[in-house]
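In what follows, a single structure is set out as structure tokens and then discussed.
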Amino acid sequence: MVEHVLHSNEVFHAPAWLKEQANLHDFEGEVARSLANPDAFWGAWADRFEWSRPWNEVLEWKYPDHRWFVGGETNIVANALDRHADGPNRNKLALIWIGEDGNERKVTYGELRRLVSKFASGLRSLGVQKGDRVLIYMPLTLEGVISMLACARLGAIHSVVYAGMGVGALRDRILDAGAKIVIAGNMSIRRGKSVDLRSIVEQATEDLPLRHVIWFQRGVQSELRPRDVDFLELLDKSKPDVTPEPVDADHPLYILYTSGSTGKPKGVVHVHGGYMVGVSYHLRHFYDVKDNDVFWATSDIGWVVGHSYIVYGPLLEGVTSVFREGSPDWPDPGAIWSCVEKYGVNIMFTAPTAVRLFMKFGPDYVTKYDLSTLRLIAVAGEPLNPEAMRWAHKWLLDDGQRGFVADNWWQTELGAPAIGTPIVKPAIPGAAGVALPGVEAEVVDETGTATPRGKGGLLALKRPFPNMMRTIWGNHHRYEQYWTEIPGCYAAGDVASWDEDGYISVLGRSDDVLNVAGHRIGTADVESAMITHPSIAESAVIGVPDPIKGEAIKAFVVLRLGAEPSDEMKQSIIDVVRRELGPIATPSEVAFVDRLPKTRSGKIVRRLLKAQELGKDPGDLSTLED
Ligand code: AMP
């Protein structure tokens, strides 16, 4: 079993004033209450929302299926927009969008409701109904968020695909979701340049029987084909006459694809009721949001953090959410901090990879700006190395005088943080934190037995909570596998260790999944894309340490007979992966080999390639063929 080798005696505390004003003071008490009586606990939080029909039962738990707020009817958008637009928050800023060039757009709750209602009306005129799947491939723009909320308002199910994914990835997701409508941007903007999205969408959808492609066009306006619709024209001509469609608490809100160890990506399904209750709870109690806060999650609507904490969480809580298109270090490495100063950001949610990028540029780009509003920096997506945590405390939070760095662990499947370091508890570098209210987490062995403290094992969750995924789209069996791999537990697929105080350190994935800049990428996906190259017989990819991205992808390739290794060949392989999966899954290194290490049953042993690469002991090789 795995040993946690990184020990540190260092501990960080939030400043006393911050602890005093924390929304959640009595952390241990809250955890105890949430576990002793989950129905009363979650029911009380759910009561603050509007339900068009009350629920009969908070949780129906028929292992491994969990349904929350059974019999209840609501719509997450009624709670995220209308509740505020019809109340005192009407003229409060809901969203601040920032472009790389400093352009900005601000919309109030009243304005956003109007835009979303109009666009929902436009979608309805194109035949979109409750339960239909709509695929969204949009740059990080106000229009991208409007698209999501308009779908949800109608009870349609959105599936956002990160607009950096390639042709193959996009096509697979449209097909798996069974989407008949695609909302796409013609370009995104990064590092001052426009990135062409149109040709990716066109290639991915060429021969698909879609009803419509709705184009959000910036810059060059292309000629539209018969099935194409112009986003802005549709928005402009539609009336704000759509009220939120009441849906069952268990009705799917969205499908978001994430990589697994085997086969194609899985469509994680989150539903209106439970997701709404869980995501908003953690925004208040973990991210410690106050009514007048400005909250900035530096993510994208293509990822779960964007769904939960750019869009739904902040809007449900009626706060102001900031989002910015483009690269964090463009036009200069201080770009992010100048926005924190300008908009008075109070809470920032970012990724370790971003912190490491800021470290690389040095503190001068930070100290130039007034960051006095910033009191909490939450980081998630991959382990936060102690060095990065130290740096963030020192330079971003004035040596910890001004605030706190809160690591938190979650997954696309979970919708919100499950393990984290709350403000009132000490932060231990290298550890994500403790189980949050409603969560029962343990480090276990393959039989589900808890490992002794100090030892490593598999990270398991022992009970469901409202924001946990409901199913895998079109494959409920795959959902059930999460709960059967380790008897009686939800298997997170992560290797972890824990200490006497319940602090859990997440050490990495237990399956063949890479974590590149906080994005989960299946080795199987990259290898399948590579194999479409006509000269490749076989390939294996591994993650190798990268100072900024955490992990970078290295590919080992066996060429077909007659094909010759060369730099051109390497480049053409990289191009194929980029085209199929997009830039985030692109290998940074390609090595040509004669054969790959395999088990007798024919499975590629990536662990051996990795050990060789890192100069480490490869462990037990008795099952190897050669
Ligand atoms: P995703 O579903 O793409 O958000 O990826 C979830 C995975 O990212 C988890 O299973 C972990 O492997 C990793 N991860 C997320 N947050 C953390 C964290 N705070 N510390 C360590 N690993 C993390």
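Overview of values
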quantity	calculated
Residue pairs meeting the criteria (Cβ under 9 Å; at least 6 apart or on separate chains; first under 11 Å from G518 (Cβ atoms), in region 352-364; second charged (D, E, K, R) and assigned to a helix (DSSP H, G or I))	R356/E387
Residue in region 581-594 that is of a type outside the set (A, V, I, L, M), surrounded by fewer than 17 Cβ atoms within 10 Å (Cβ to Cβ) and in a helix (DSSP H, G or I) present	yes
Residue in region 96-104 that is at negative phi and aromatic (F, W, Y) present	yes
For S505: the one exception among (1) assigned to a helix (DSSP H, G or I); (2) within 12 Å of the ligand (Cβ to nearest atom); (3) of a type outside the set (D, E)	(1)
Test: residue in region 402-411 that is among the charged types (D, E, K, R), touching a strand residue (DSSP E or B) at 6+ places or on another chain (Cβ under 9 Å) and more than 10 Å from the ligand (Cβ to nearest atom)	no
Residue check for R463: touching an Asp or Glu at 6+ places or on another chain (Cβ under 6 Å), of a type outside the set (A, V, I, L, M), outside any strand (DSSP E or B) and more than 29 Å from L253 (Cα to Cα)	no
Selection status of V526, assigned to a helix (DSSP H, G or I), touching a residue at least 60 places away in the same chain (Cβ under 8 Å) and either among the basic types (K, R) or under 16 Å from R606 (Cβ atoms) (or both)	yes
Residue match in region 369-378 (condition: away from the ligand (no atom under 16 Å from the Cβ), in contact (Cβ under 8 Å) with a residue 60 or more places away in the chain and in contact with a Gly (Cβ under 8 Å, 6 or more places away or on another chain))	yes
Residues being touching a strand residue (DSSP E or B) at 6+ places or on another chain (Cβ under 7 Å), near the ligand (Cβ under 9 Å from one of its atoms) and not small (G, A, S) - total across region 508-533	5
Extreme residue, nearest to N292 (Cα to Cα), among residues of region 11-29 that are of a type outside the set (F, W, Y) and outside any loop (DSSP other than H, G, I, E, B)	L18
Within region 532-572, tally of residues that are within 20 Å of V516 (Cα to Cα), aliphatic (A, V, I, L, M) and assigned to a loop (DSSP other than H, G, I, E, B)	1
Per-region count, region 265-289, residues among the small types (G, A, S), closer than 23 Å to H476 by Cα and in contact with a Gly (Cβ under 8 Å, 6 or more places away or on another chain)	3
Top-ranked residue in region 30-51 [being among the acidic types (D, E) and assigned to a helix (DSSP H, G or I); ranked as surrounded by the fewest Cβ atoms within 10 Å (Cβ to Cβ)]	D39
Close pairs (8 angstrom Cβ cut-off, 6 or more residues apart or separate chains): over 25 Å from R520 (Cβ atoms) in region 585-598, part of a helix (DSSP H, G or I) anywhere	F592/M569
Hey, L170 of a type in the set (A, V, I, L, M, F, W, C) and without any contact (Cβ under 8 Å) to a residue 60 or more places away in the chain or not	yes
Where a residue in region 401-420 is within 15 Å of A22 (Cα to Cα) and its partner, wherever it lies, is of a type in the set (D, E, K, R) and in a loop (DSSP other than H, G, I, E, B), with Cβ under 7 Å and at least six apart	R402/R375; G403/R375
Any chance D293 is buried (at least 20 other Cβ atoms within 10 Å of the Cβ) and of a type in the set (D, E)	yes
Matching residues in region 379-401 - criterion: being more than 16 Å from the ligand (Cβ to nearest atom), closer than 15 Å to H13 by Cβ and of a type outside the set (K, R)	H393, L397, D398, D399, G400, Q401
Flag for R478 being out of contact with any Asp or Glu (no Cβ under 8 Å at 6 or more places or on another chain), within 12 Å of the ligand (Cβ to nearest atom) and not polar (S, T, N, Q)	no
Only listed residue being touching a residue at least 24 places away in the same chain (Cβ under 8 Å), more than 16 Å from the ligand (Cβ to nearest atom) and of a type in the set (G, A, S), chosen from G302, G313, G334, G306	G334
Odd one out for T353 among (1) in a strand (DSSP E or B); (2) within 12 Å of the ligand (Cβ to nearest atom)	(1)
For E60: the one exception among (1) in contact with a Lys or Arg (Cβ under 7 Å, 6 or more places away or on another chain); (2) within 17 Å of V279 (Cβ to Cβ); (3) surrounded by fewer than 18 Cβ atoms within 10 Å (Cβ to Cβ)	(2)
Checklist (1) crowded, with 19+ Cβ neighbours inside 10 Å; (2) under 20 Å from H285 (Cα atoms); (3) hydrophobic (A, V, I, L, M, F, W, C) applied to V444, failing item	(2)
Sole exception among (1) more than 21 Å from D494 (Cα to Cα); (2) buried (at least 23 other Cβ atoms within 10 Å of the Cβ); (3) more than 12 Å from the ligand (Cβ to nearest atom); (4) among the β-branched types (V, I, T) for V424, by number	(2)
Residue within region 486-500 that is within 11 Å of the ligand (Cβ to nearest atom), among the β-branched types (V, I, T) and either assigned to a strand (DSSP E or B) or over 27 Å from L357 (Cβ atoms) (or both) present	yes
Any hit, region 581-601, residues being within 32 Å of the chain's Cα centre (by Cα), more than 16 Å from the ligand (Cβ to nearest atom) and at pLDDT below 90	no
Qualifying positions in region 214-271 - among the β-branched types (V, I, T) and part of a loop (DSSP other than H, G, I, E, B)	V220, V242, T243, T262
Pairs with Cβ under 6 Å, 6+ apart, first in region 558-583 and within 24 Å of P597 (Cα to Cα), second buried (at least 18 other Cβ atoms within 10 Å of the Cβ) and among the polar types (S, T, N, Q)	I574/T586; V577/T586
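Yes/no per residue for (1) within 25 Å of L514 (Cβ to Cβ); (2) modelled with pLDDT of 95 or more:
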site	(1), (2)
P429	yes, no
V434	no, yes
P437	no, yes
A460	yes, yes
P464	no, yes
I472	yes, yes
Y479	yes, yes
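The values are calculated or read from the model by the stated rules, or taken from the named source; none is laboratory data. Remember, predicted model here, so these are calculated numbers, not experimental data. Cβ coordinates were reconstructed from backbone atoms using ideal geometry, including for glycine residues, and neighbour counts include every protein chain displayed.
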